[in-house]
Amino acid sequence: MLKIFMVIAALLIVFSCGSTQVIESPVGDVLPVTPEGVPIQIKVGDTFNIVLEVNPTAGYSWQIDSIGDLQLVKQNGSSQYIRDDAPRDMTGVGGKEAWTFVALSGGSTIITFRYVPEESGRERDRTIEFLIEIRE
């Protein structure tokens, strides 16, 4: 009886190890979407994120249209796309795109994003502005 139990236990271990796949989520997927109309208040030297919902399969993507005062804020690296949790083979899945910025000096500025089509000839769909208030 003990031999049968040991064989079954060994088979379960072998089969479960072969079929289990551990995939770590990127740290960015815990970032909440940045609410519109709410000033982002930070201190000089702080880094902050602006996170927007996006679905690249719809043919549009967010781009920075302008940073009001480059003496106050600068972008830190490229944006990062975080796909929503869904099966790998599922199409049409959206996600979030996150931009990281650094506050350089005290003051206020506006960062503007626009939702633009991938195809030329189509008009942009939407524009969003974020007020950044930086204290010394």
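Looking across segment 72-93 at every residue that is part of a loop (DSSP other than H, G, I, E, B) and surrounded by 14 or more Cβ atoms within 10 Å (Cβ to Cβ), the one that is farthest from the chain's Cα centre (by Cα) is identified as LEU72. Taking the numbered list (1) surrounded by 14 or more Cβ atoms within 10 Å (Cβ to Cβ); (2) acidic (Asp, Glu); (3) at pLDDT 90 or above in turn, GLU36 passes all entries but (1). One residue stands out among those in segment 39-60 that are at pLDDT below 90 and not in a loop (DSSP other than H, G, I, E, B): the one that is surrounded by the fewest Cβ atoms within 10 Å (Cβ to Cβ), which is THR57. Checking every residue in segment 63-71 against the condition of being modelled with pLDDT of 90 or more, more than 30 Å from VAL116 (Cβ to Cβ) and surrounded by 12 or more Cβ atoms within 10 Å (Cβ to Cβ) gives zero matches.
In segment 110-136, how many residues are polar (S, T, N, Q) and at pLDDT 95 or above? Count: 1.
The values are calculated or read from the model by the stated rules, or taken from the named source; none is laboratory data. Since we're looking at a predicted model, the values are computed, not measured. Here the Cβ is made from the backbone with ideal geometry for all residues, glycine too, and neighbour counts use every protein chain on show.
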